[in-house]
């Protein structure tokens, strides 16, 4: 992923619990193509993170915990001790 994609994953990593986090992750209105691209990248990051977590592909330390309302999400993060997770986040 280019740097814009890393920013999408990074924004997931910094979201906090509550309604504010939901509005940051998923805006109510998408006006531009760029906003649409960012939203798709965030959804893809969440999907890849959930799949790799549920399949146990990387150690627990490779994931951060974020909340979307009452939903707990495990988001893949840059873990330099795990080369595979580091490469996926950079991809």
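The values are calculated or read from the model by the stated rules, or taken from the named source; none is laboratory data. All values derive from a computational prediction rather than experimental measurement. Glycine gets a Cβ as well: all are built from the backbone with ideal geometry, and neighbour counts include every protein chain shown.
How about the range 64-91: which of its residues are in contact with a strand residue (DSSP E or B) (Cβ under 9 Å, 6 or more places away or on another chain) and part of a strand (DSSP E or B)?
Listed by number, the residues that qualify are 64, 65, 66, 67, 72, 73, 74, 75, 76.
Just the residues that are touching a helix residue (DSSP H, G or I) at 6+ places or on another chain (Cβ under 9 Å) and free of Cβ contacts under 8 Å to residues at least 12 places away in the same chain, please, taken from the range 60-69.
Residue satisfying the conditions is 60 alone.
Within the range 45-59, which residues are more than 8 Å from the chain's Cα centre (by Cα) and touching a residue at least 12 places away in the same chain (Cβ under 8 Å)?
48, 50, 52, 53, 57, 58, 59
Against the condition modelled with pLDDT under 85 and on the phi > 0 side of the Ramachandran plot, how does residue 18 come out, does it pass?
Spelling it out, residue 18 is indeed modelled with pLDDT under 85 and on the phi > 0 side of the Ramachandran plot.
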